[in-house]
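So the structure is just underneath, and the comments pick up after that.
What follows draws every value from the coordinates through simple rules; no lab data is involved. These numbers were taken from a predicted model, which means no experiment stands behind them. Here Cβ is always computed from backbone atoms with ideal geometry, including for glycine, and neighbour counts include all displayed protein chains.
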Amino acid sequence: MRKQTKVWIIFAFALFIRLYLCFQTPHFSDGTSYFNQRQIESIKSTGIPIYSDPLSYSGRFYIFLPFFHYLVAFFALILPLGLAVKLVPNILFCALILINYKIAQKITKKHNISLVVALISAFLPVLYKDLNTLSVYSLVVPLTFALLYYFMKITQDKKYILNFLILLIILAASHQLIILPLLSFLVYLFFVWLEGLRYRRIELELITFSCFFILWLIFIIFKNAFLAYGPNLIHQNIPSVLISKYFLEFNLLDSIFTIGIVPFCAGIYVIYRHLLREKNRDIYLIISFAITIFSLIWLRLIRMQIGLVYFSIILTLLSAKAFEQLSVYFNKTKFTKYKKWINLVLILVFIITAFVPSILYAASNVSDSFTQEEIEAFNWIKNNTPQDSVVLATPKEGHLITGIAKRKNVIDENFLLQPDINQIYSDTNSMYTTIFQTEAIRLLNKYEVDYILFSQRAKAQYDINKIQYLGERCFTQRYNKTIIIYSVDCTIKEANEN
């Protein structure tokens, strides 16, 4: 069997597992997926995404980088939309297997070790926690590591410079996390200086160009957001009470379980060894990524989930060097004759610490998907309410109000550039939890709410079994299945002041 065939078999097996699990439901597990799907539908039908949205928050403006949406929309021209939005993200995530295989080959020059890295990359538990989502990170993460690979290769052939620049532009058009590799390259230059190694001119030129280009581009695109929030832009205007939920504190044990014990231990060992004993430019480059990501996680400047995705991949790449050194050690000892048994033990460890947790995470994510009964309720709103209606729902359900029901919402999970977000979030909570009908109607009138959607997710989020202030006089039950929908029939008129 050709060497390259084995890594493609790993790719195909991982893709099969991901698609099998993902297609257990036709729906997604989070609201943001429906925002992305709506943008893809807009590009497919009109050629441009929705920047000025009359539905979200009953009218607002978006800032986002649309390359991912154009990419999926392109495939949606060939494939049914429901298939494209599931297939493309999973193929992109599986591309990490091939990219990490090539990086491991660059580091170790060993095919078998590179295959081990590819296999670990295929079943990193953290990559399965958001399996059933339509996420821009499915493109951004592989692009970041492809950029890393070509940066390693630029001194070998000038053609890799062009590849690097093309990927840089695509990544810059996909997500603001393009800043991550730039910070990592700067840390890498510091390591080169610290170890007394010679700077390579081409590396300096590319890093300098990349920094100026990306900083200029980000400032141009996010200028209004910078002016509005300043340094707080990092938290994307998330309501204050949710900051701790989105930007979790680092927990070592949870991180080890999420990343996998094998890549975690092997990667940390390589970092220790090369910081104190050995010198290797490629390893320094990867360690620079590790230090940058860990610092951002520790300082709570990046969401824990996406930070652990990057950190797990980086440790997996570093583990290639640990496997190489372990292989050399065993070949010098009497343990060589037990090689088959050692390999069997390692396979069992991999299954227990990586494959099984991956499947469990994926199954949990799929089970949390929006159900067919929930989707039917949103379709009922679309077919049975006036087009200018405003519907109250939880923030997680907000994008389904705009994406499926095609109606205005009060709130959703896209908080950036939305003024008074803390007040809106607080008022939404009050509209579900207050026991006073007068206060509820005042808030419902404030946001011009016509319908209230009361779901199992609302019950869980607000820890309530029913909305206390509802009564026949001012509210009419219009839909009653898994989700209950009420119409708002009363208004409170303010007394004129003389």
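Distant-in-sequence amide contacts of Arg60, defined by a placed amide H-H separation under 5 Å and a gap of 5 or more residues or a different chain, comprise Asp53, Leu55. Note on the stretch 3-367: semi-axes of the ellipsoid equivalent to its C-alpha gyration tensor, largest first and rounded to whole Å, are 34, 26, 20. Peptides 161-171, 109-119 ranked from most to least packed by the mean count of surrounding Cβ atoms within 10 Å: 109-119, 161-171. With θ taken as phi - 60° and the Karplus curve 6.51 cos²θ - 1.76 cosθ + 1.60 applied, the whole-hertz 3J(HN,Hα) list for the stretch 128-133 is 10, 5, 10, 4, 8, 9 Hz, x standing for glycine and proline.
The stretch between Asn251 and Arg198 holds 15.3 nm of extra length on full extension. This uses 0.36 nm per residue minus the Cα-Cα distance. Placing a label point 7 Å from the Cα of Val356 along the Cα-to-Cβ direction, the residues of the stretch 258-290 whose backbone N falls under 15 Å from that point are 258, 260-262. The label-point distance for Leu242 and Thr371, in a model that sets each label 7 Å from Cα toward Cβ, rounds to 2.4 nm.
Of the trypsin sites (Lys or Arg not before Pro) found in the stretch 165-272, the ones in coil according to DSSP and having at most 11 other Cβ atoms within 10 Å of their Cβ are Arg198.
For the stretch 116-139 and the stretch 426-498, what is the separation of their C-alpha centers, rounded to whole Å? Taking the Cα centre of the stretch 426-498 as reference, the centre of the stretch 116-139 is 40 Å away. Each residue of the stretch 468-475 was assigned a 3J(HN,Hα) from its phi angle through the Karplus curve 6.51 cos²θ - 1.76 cosθ + 1.60 (θ = phi - 60°); the sequence is 5, 8, 5, x, 5, 5, 10, 9 Hz, with glycine and proline shown as x. Pairwise Cα separations in the stretch 367-498 fall into 10 Å bins from 0 onward with the following percentages, short to long: 12, 45, 35, 7, 1, 0. By the Cβ distance rule (another cysteine Cβ under 4.7 Å), the unpaired cysteines of the chain are Cys22, Cys94, Cys211, Cys265. Direction-averaged projected area, Cα convex hull, the stretch 141-187: 3.0 nm², rounded to one decimal.
Please list the non-local residues whose amide H lies under 5 Å from the amide H of Val488, H modeled 1.01 Å from N, same-chain partners needing a gap of 5 or more. Long-range HN contacts for Val488: Tyr451, Ile452. For the stretch 414-498, state which trypsin sites (Lys or Arg not before Pro) are in a DSSP loop and have at most 14 other beta carbons lying within 10 Å of their beta carbon. Within the stretch 414-498, the qualifying trypsin sites (Lys or Arg not before Pro) (loop, at most 14 other Cβ atoms within 10 Å) are Lys466, Arg473, Lys481, Lys493. On C-alpha positions alone, give me the angle between the axis of helix 31-46 and the longest principal axis of the chain, in degrees, nearest 10. Tilt of helix 31-46: around 90 degrees. Between Arg273 and Leu165, how high is the FRET efficiency from 1/(1 + (r/R0)^6) when r is the Cβ-Cβ distance and R₀ = 41 Å? Nearest 0.05. According to the calculation, E is roughly 0.80. Each of Cys490 and Gln468 was given a label point 7 Å from its Cα along the Cα-to-Cβ line. The distance between the two points is 1.6 nm. For Arg407, nonlocal amide neighbours, meaning residues 5 or more places apart or on other chains whose placed amide H falls under 5 Å from its own, are Thr402. Scoring 134-145, 49-60 by mean Cβ neighbours within 10 Å over their residues and listing the highest first yields 134-145, 49-60.
In plain terms, the bigger the Kirkwood radius, the slower the diffusion; for the stretch 113-217, with that radius from Cα pairs, at 37 °C and 0.692 mPa s, Stokes-Einstein puts D at 214 µm²/s. In order along the stretch 174-179, the phi-based Karplus estimate (6.51 cos²θ - 1.76 cosθ + 1.60, θ = phi - 60°) of 3J(HN,Hα) comes to 10, 6, 5, 6, 4, 5 Hz; Gly and Pro are listed as x. Helix 81-108 axis versus longest C-alpha principal axis of the chain: approximately 20°, rounded to the nearest ten.
As a length-normalised measure over Cα pairs under 8 Å and 6 or more apart, the relative contact order of the chain settles at 20 percent.
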